[in-house]
Amino acid sequence: MRIFKLLAGAAIAASAVFATPAAAQDFKVIVNSANSTSDLTAAVAVKIFLKETTKFPNGSAATPVDQGKSSPVRAAFSKSVIGRPVSAVESYWQQQIFSGKEVPPAAKSSDDDVVAFVKGNPGAIGYVSAGASTAGVKVIDVK
């Protein structure tokens, strides 16, 4: 009975973590200002960032960009949207590279670098800290 209560408590805690809307997190998802996309489901965002799809739902090309492996905003994005810690995402990419399938998105070292990349690439999508300046790009909702 005690094990059941522990497992039930763990399940509730896990569901609370994964049920948190991405918009309430410490990051903003951004796209190029010319992109007509205004929101994405988390499932579509995952497919774009794991390169399981190369297009936005509107049919335009999607080019994801990550932050560095040790970035707190990457940790928040990975946990909230992808549903995995950064280490698990890195393991995924190692498997993809080893099997000759795909390489990870480019990683930028700062919010400003991500904004500049997204601003300069029509199909780009990235994420930045909640307090970052997003002048010249469009913030979208991830549901």
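The values are calculated or read from the model by the stated rules, or taken from the named source; none is laboratory data. Keep in mind it's a predicted model, so treat the numbers as computed, not measured. We place every Cβ from the backbone using ideal geometry, glycine too, and count neighbours over all the protein chains shown. With ligands, DNA and RNA removed, areas are computed over all heavy atoms of the protein, side chains included. Shrake-Rupley method; radii C 1.70, N 1.55, O 1.52, S 1.80 Å.
Being of a type in the set (Val, Ile, Thr), in contact (Cβ under 8 Å) with a residue 60 or more places away in the chain and out of contact with any Ser or Thr (no Cβ under 7 Å at 6 or more places or on another chain) is the filter here; which residues of the range 96-124 pass it? Steps first, please.
Restricting attention to the range 96-124, the residues satisfying the condition of being of a type in the set (Val, Ile, Thr) are 97, 103, 114-115, 118.
Among the residues that remain, those that are also in contact (Cβ under 8 Å) with a residue 60 or more places away in the chain are: 114-115, 118.
Within the range 96-124, VAL114, VAL118 qualify.
Looking only at the range 40-60, filter to residues that are under 24 Å from ALA132 (Cβ atoms) and of a type in the set (Gly, Ala, Ser); which one of those is surrounded by the most Cβ atoms within 10 Å (Cβ to Cβ)? Filtering the range 40-60 for residues that are under 24 Å from ALA132 (Cβ atoms) and of a type in the set (Gly, Ala, Ser), the one surrounded by the most Cβ atoms within 10 Å (Cβ to Cβ) comes out as ALA45. Scanning the range 128-143 for residues that are assigned to a loop (DSSP other than H, G, I, E, B), out of contact with any Ser or Thr (no Cβ under 6 Å at 6 or more places or on another chain) and at negative phi yields ALA130, GLY131, ALA132, SER133, THR134, ALA135.
Does PHE117 meet the test of being open to solvent by 30 Å² or more (accessible area, probe 1.4 Å), over 17 Å from LYS143 (Cβ atoms) and in contact with a strand residue (DSSP E or B) (Cβ under 8 Å, 6 or more places away or on another chain)? Reasoning before the result, please.
On the way: open to solvent by 30 Å² or more (accessible area, probe 1.4 Å): yes; over 17 Å from LYS143 (Cβ atoms): yes; in contact with a strand residue (DSSP E or B) (Cβ under 8 Å, 6 or more places away or on another chain): yes.
Answer is yes for this residue.
Within the range 42-60, the set of residues being closer than 22 Å to TRP93 by Cα and not hydrophobic (A, V, I, L, M, F, W, C) comprises LYS47, LYS51, GLU52, THR53, THR54, LYS55. The set of residues in the range 73-88 being free of Cβ contacts under 8 Å to residues at least 12 places away in the same chain and of a type outside the set (S, T, N, Q) consists of ALA75, ARG84, PRO85, ALA88. Note on the range 107-138: among residues that are touching a helix residue (DSSP H, G or I) at 6+ places or on another chain (Cβ under 7 Å) and hydrophobic (A, V, I, L, M, F, W, C), the one that is farthest from THR37 (Cα to Cα) is ALA132. Among the criteria (1) free of Cβ contacts under 8 Å to residues at least 40 places away in the same chain; (2) over 19 Å from ASP112 (Cα atoms); (3) surrounded by fewer than 18 Cβ atoms within 10 Å (Cβ to Cβ), the one SER70 does not fulfil is (2). Counting only helices (runs of 4 or more DSSP H) wholly contained in the range 15-127, the ones carrying 1 or more residues that are within 12 Å of the chain's Cα centre (by Cα) and modelled with pLDDT of 95 or more occupy 42-49, 72-77, 86-98.
Return the residues of the range 131-141 that are in contact with a strand residue (DSSP E or B) (Cβ under 6 Å, 6 or more places away or on another chain) and either within 16 Å of GLN67 (Cα to Cα) or surrounded by 22 or more Cβ atoms within 10 Å (Cβ to Cβ) (or both); say none if nothing qualifies.
Just the residues of the range 131-141 that are in contact with a strand residue (DSSP E or B) (Cβ under 6 Å, 6 or more places away or on another chain), to begin with: 134, 137-141.
Scanning the range 131-141 gives THR134, VAL137.
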